[in-house]
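Reading through the C-alpha cells given below for one structure.
The numbers here are math on the coordinates, done by the rules we state, and not lab data. Bear in mind the structure is a predicted one, so any value in this text is a computation, not a measurement. All Cβ positions, glycine included, derive from the backbone under ideal geometry; neighbour counts span all protein chains shown.
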Amino acid sequence: MDLKTKLEQLFEENHKQIGRTGDLDELNQIRVNLLGKKGPITEVLRGMKDLSADERPKVGAFANQIKSDLQDAIAARKAALEQAVIQKKLAQETIDVTLPGDQVIAGTPHILAQIMDDVETYFIGQGYQVIDGPEVEEDHYNFEMLNIPKDHPARDMQDTFYLDSQLLMRSQTSPVQARTMEIHDFTQGPLKMISPGRVYRRDTDDATHSHQFHQIEGLVIDKHITMADLKGTLLALAQHVFGADRQIRLRPSFFPFTEPSVEVDVSCFRCNGAGCPICKYSGWIEVLGAGMVHPNVLNAAGVDADAYGGFAFGLGPDRFAMLKYGIDDIRSFYQGDVRFLSQFQQEG
C-alpha cells in the first residue's frame, strides 16, 4: 500500500471517530494521539525517504492537507461539544418566571435601636446635637468632672469596671457632656446636646439589671435656664414617647452632678392613673432622672457658673422599651431570640 493510500485511510478512520466523539476529554486525547510526534501520520511520513525526488513534494503536500483537514474537524467538533455543554447548563439553570417567588422576610431594627432612633430624631427636631464619645473612658471625665472626686461617697452608687487606676468602661454617658462643655464656644450660642450609647456597670444580670445597657443623656447650657425649661422639655418628651395625654411629676432626689435633682414620673399609660401592676397601683411610673447642672460641674469644664446655667437629664432606652411594651425581663433584649425581636416591626 502506497503512502497516499495509507494517508487517505487514516483520514477516513479518524474523521469518523472524531464525528462520533461525545466528550471533550476524549476528543483531546484523539488529537494528541493522531497529530502528535508519535502519531500514525508521522509514522506514515517516515516512509517518504524511500520515495523518488518527484514524488516527495506531492506526498508531502497531500500529507499536510490531510493533517489540516483533521485539525479542522477536531476544532469543529470541539466547538460543537462546548456549545452543547453550555446549552445543557442553561437548560438546567432555566428559571420559570411564571412561578411564584419565595417570600422574603424583611428584617427590622432592634427594638432598642428603634427607641434610640426615635428619641434622637425627636431631639434633633428640637435643635439638639447628637454627640458620641468613647466607651473606654478616663476616671477624670467619668467622675471628677461630674463633681464626684475619688473620695466621694457617690462612687459607691456605681460599681464600675476599671481597666487600670485611670481607665474604665464608662458607667454613664455623662462624660461626653463634660468633654463637650470643655470645647464648646458659648459666645457662638448655647449648648444643646444628647449623648446616646452603651454604658457598663458591675451589676448581676437579672430580670431588671444588666452589666451592659444603654443611656441617652441630655444637656442644655445657656443663660437664664430654669427648672421650668427642664420640666417643659421632659413633659414634651414623655408625651412624644408614651402618648399625647401623658403628664409628669418631679420628685426631689440626689445626683452629684445636678442641684436640685429630681426623679421624673410619667402618668401610667396602661391604666391612665387608675392603678395597675405596671405602675404598682400608684398611677405613676418612674422613667428618668434629671436636674439643674451643678455649678461645680460648670466650673470644672471652664464655664462661668455665675453667667451660665443649665439642665441635664438621663433616660434608659432599655427601661423605656420595657415600660412601653410591657416587657418584664431586660435579658430578652440581648439573647438574640428572633421570635421575640420580630414582634417589634418598625412602622413604615
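Overview of results
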read-out: Net charge contributed by nearby residues that have their C-beta within less than 13 Å of residue 180 (K/R +1, D/E -1); value: -2
read-out: Beta bridges per DSSP with both ends in the chain, % antiparallel, nearest 5; value: 95
read-out: Sorted peptide list for 123-130, 170-177, 66-73, criterion being average Cβ within 10 angstrom, highest first; value: 170-177, 66-73, 123-130
read-out: Quotient of Cα Rg and 2.2 N^0.38 Å for the chain, N being how many residues it contains; value: 2.04
read-out: Farthest toward positive dipole pole in the range 3-92 [+1 Lys/Arg, -1 Asp/Glu at C-beta], among 48, 30, 59; value: 30
read-out: Pairs from 231/280; 6/58; 16/37; 6/67; 16/67; 16/78 whose Cα-Cα separation, in the structure shown, is over 19 Å; value: 231/280; 16/37
read-out: Cα-derived Rg to Rh of the range 3-92, Kirkwood definition; value: 1.11
read-out: Proxy reagent accessibility, fewest Cβ within 10 Å first, across 167, 99, 146; value: 99, 167, 146
read-out: Most to least packed among 86-98, 280-292 [average Cβ atoms within 10 Å]; value: 280-292, 86-98
read-out: Average projected area [Cα convex hull, the range 41-166], square nanometres; value: 25.4
read-out: Cβ charges +1 (Lys, Arg) and -1 (Asp, Glu), total dipole of the range 132-192, debye; value: 220
read-out: The range 210-275 and the range 119-144: distance between their alpha carbon centers, rounded to Å; value: 17
read-out: Relative contact order of the chain, defined on C-alpha pairs under 8 angstrom at six or more residues apart (%); value: 14
read-out: Positive minus negative residues near residue 95 (Lys, Arg vs Asp, Glu; Cβ under 14 Å); value: -2
read-out: Inter-part distance where the range 288-343 and the range 1-32 are each reduced to a Cα centre, Å; value: 85
read-out: Relative contact order for the range 3-92, counting Cα pairs under 8 Å that sit 6 or more residues apart, in percent; value: 42
read-out: All Cα pairs of the range 168-271, percent lying beyond 19 Å; value: 59
read-out: Spin-label model distance (nm) - residue 161 vs residue 52, 7 Å beyond Cα toward Cβ; value: 10.3
read-out: Local electrostatic count at residue 309 - Lys and Arg +1, Asp and Glu -1, tallied over other residues with Cβ under 14 Å; value: -3
